[in-house]
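I have placed the structure first, in the form of structure tokens, so that the comments after it can refer back to it.
The values are calculated or read from the model by the stated rules, or taken from the named source; none is laboratory data. Just so you know, these numbers come straight off a predicted model, no measurement behind them. Cβ coordinates were reconstructed from backbone atoms using ideal geometry, including for glycine residues, and neighbour counts include every protein chain displayed. We work out accessible area using only protein heavy atoms, side chains counted, and drop any ligands, DNA or RNA first. Shrake-Rupley method; radii C 1.70, N 1.55, O 1.52, S 1.80 Å.
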There are 2 protein chains.
Amino acid sequence: MSNVTAGVPTGSVQSVDRALTILEQLARHGEAGVTELAAGLGVHKSTAFRLVATLEQHGLVEQTEDRGKYRLGVGLLRLAGATTARLDVVQEARPVSRKLAADTGETVNVAVLADRAALYLDQVAGSSALQPHNWVGQHIPLHATANGKVLLCGLEPDRLDDTLGSLAAYTDMTITKKEALRAELDRVRAQGYAVAVDELEVGLTAAAAPILNAHGDVIASMSVSGPTFRLPAARIQTVVGQLVEAATEVSHRLGWGHR
Amino acid sequence: MSNVTAGVPTGSVQSVDRALTILEQLARHGEAGVTELAAGLGVHKSTAFRLVATLEQHGLVEQTEDRGKYRLGVGLLRLAGATTARLDVVQEARPVSRKLAADTGETVNVAVLADRAALYLDQVAGSSALQPHNWVGQHIPLHATANGKVLLCGLEPDRLDDTLGSLAAYTDMTITKKEALRAELDRVRAQGYAVAVDELEVGLTAAAAPILNAHGDVIASMSVSGPTFRLPAARIQTVVGQLVEAATEVSHRLGWGHR
DNA sequence: CGTCACGTTGCTCATAGCGCAACGATAAGC
DNA sequence: GCTTATCGTTGCGCTATGAGCAACGTGACG
């Protein structure tokens, strides 16, 4: 295939490439006419028309009315449904969790919100000899863990009160005042991650970051945790960087992406 | 474009058509290799390879490992997200769905009528740990679901016959007689909501209520569904109250009920 | 009533993309 | 461990294919 003129990568089919670019164009701008799409591709409008006509036959685009503009169609939902059917958080997170655990040497967990508690779905042990107990399947209080704080951030503020029960104190560091917790959650939301030092158990430190779905909802939380002496404030900062990157990677795999 | 040999409709681009057929093939079978895809299309495997390569560059498919099979990719999720973002029904319903899911703890769906089936546009999972099947993008039979019954109520009686195909039995509870279905639809219309217990799947219970536009047309349906053991008759009544209120709220947001 | 811009459609030509065959790698079988 | 089969992948040459052109129908606007 010749590739002298434009940026069509080797081994790709030009017309298919253009058709898919049209889909992306429509995803960005919502609606567009044939002429506009043709201009975006740099092709003749008849070319663009035949491409959208083909997309339309497969239900991937639809026109607003007869002789009208085009927009993305419900056929995409059908395809996406087939995608999510074989896509779950644990499966997508696992390779990323492994890498994060290897890079940091600490334990990585993935948790979701369930029945007013954090439910731990997956755990990858760190390389260190000193390992925590296995939390998978356990329900952990929300207000005393990094994961819990992140998951709480995904809730609407008015749902917060009934989700939280009484804020039991597990250590001296546990946040037990609702006002203090709200302030903490605001901080978590702002910085994009949560940290908990000695709040559930003395000597246990954890950091957590949100995992988002295609709609931007917080559907899970990923954490790195270890003994406090191995995770001092200075090291937390570097670990958080890796953690946020990993969580973002998983979010992308689940379809999250800003445009 | 000549169309002497095969069933390529007039005005469509062959290679694009083939590429999209590959997507549909992957949606059906989950995973497939180049050779398999080529066989499905009736083309040479090199042709199929270039098509999937192009799809891969746009993130619509991905290979399981190097030199492995292909499956649908996350790019589809982003496109689907952009699709629903443009649908004002989903846009308006989403916050309400969230609240309803949180209040009931069960899964909330929004569906519309499309191609003689219920097309699920959006889903918000309940707080319960066990995640139900993700229905988004799926086409579900109309006569065996609460959503389907509600959507059927929005049709004129004479359009009912051609919209309904044969009433397949999915369980012992499925309504298979047209007369029984008509009676059921009258009941749904009268009470303003529909219930389906074990009609699509044994152990699955759902309730649904209509979403109306400014003209009072039924444009979508909102449902709450969960395991039958968690939704006994007694609880259904309270859930239906919340559901109808939520659906009405969405209808108002869409301009229904001038006040 | 004219003009303009839109989406749509025959027509023709060259080029894009198809089939072919060969390659490297992997896995299975004797 | 060597053969064999099958997979995904890649150069190559020919031709069906799809791109561009220009014209058409339609609706909006002044």
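Can you pull out the strands (runs of 3 or more DSSP E) entirely within region B:152-259 that have at least 3 residues that are under 20 Å from residue B:101 (Cα atoms) and of a type in the set (S, T, N, Q)?
Strands (runs of 3 or more DSSP E) meeting the threshold: B:218-227.
Please enumerate the residues belonging to region A:54-75 that are more than 9 Å from chain B (Cβ to nearest Cβ), in contact with a strand residue (DSSP E or B) (Cβ under 6 Å, 6 or more places away or on another chain) and either modelled with pLDDT of 90 or more or assigned to a strand (DSSP E or B) (or both).
A:61, A:63, A:70
State the number of residues belonging to region B:19-46 that are more than 13 Å from chain A (Cβ to nearest Cβ) and near DNA strand D (Cβ under 10 Å from one of its atoms).
Counting residues in region B:19-46 that are more than 13 Å from chain A (Cβ to nearest Cβ) and near DNA strand D (Cβ under 10 Å from one of its atoms) gives 8.
What are the pairs with Cβ atoms under 8 angstrom where one residue, in region B:86-106, is over 17 Å from residue B:254 (Cβ atoms) and at the interface with chain A (Cβ under 9 Å from one of its Cβ atoms) and the other, located anywhere, is open to solvent by 60 Å² or more (accessible area, probe 1.4 Å) and part of a helix (DSSP H, G or I)? Sequence gap at least six, or different chains.
Matching pairs, first to second residue: B:103/B:242.
Determine which single condition residue A:224 fails, assuming it passes every other condition in (1) among the β-branched types (Val, Ile, Thr); (2) over 30 Å from residue B:78 (Cα atoms); (3) open to solvent by less than 30 Å² (accessible area, probe 1.4 Å).
(2)
Please indicate, with yes or no, whether at least one residue in region A:76-95 is modelled with pLDDT of 90 or more and either within 24 Å of the chain's Cα centre (by Cα) or not in a loop (DSSP other than H, G, I, E, B) (or both).
Within region A:76-95 (the criterion being modelled with pLDDT of 90 or more and either within 24 Å of the chain's Cα centre (by Cα) or not in a loop (DSSP other than H, G, I, E, B) (or both)), the answer is no, since none of the residues qualifies.
Criterion first (within 10 Å of the chain's Cα centre (by Cα) and either within 14 Å of another protein chain (Cβ to nearest Cβ) or surrounded by fewer than 16 Cβ atoms within 10 Å (Cβ to Cβ) (or both)) does residue A:238 satisfy it? Step through it out loud before you land on a result.
Numbers: within 10 Å of the chain's Cα centre (by Cα): no; either within 14 Å of another protein chain (Cβ to nearest Cβ) or surrounded by fewer than 16 Cβ atoms within 10 Å (Cβ to Cβ) (or both): yes.
The answer is no for residue A:238.
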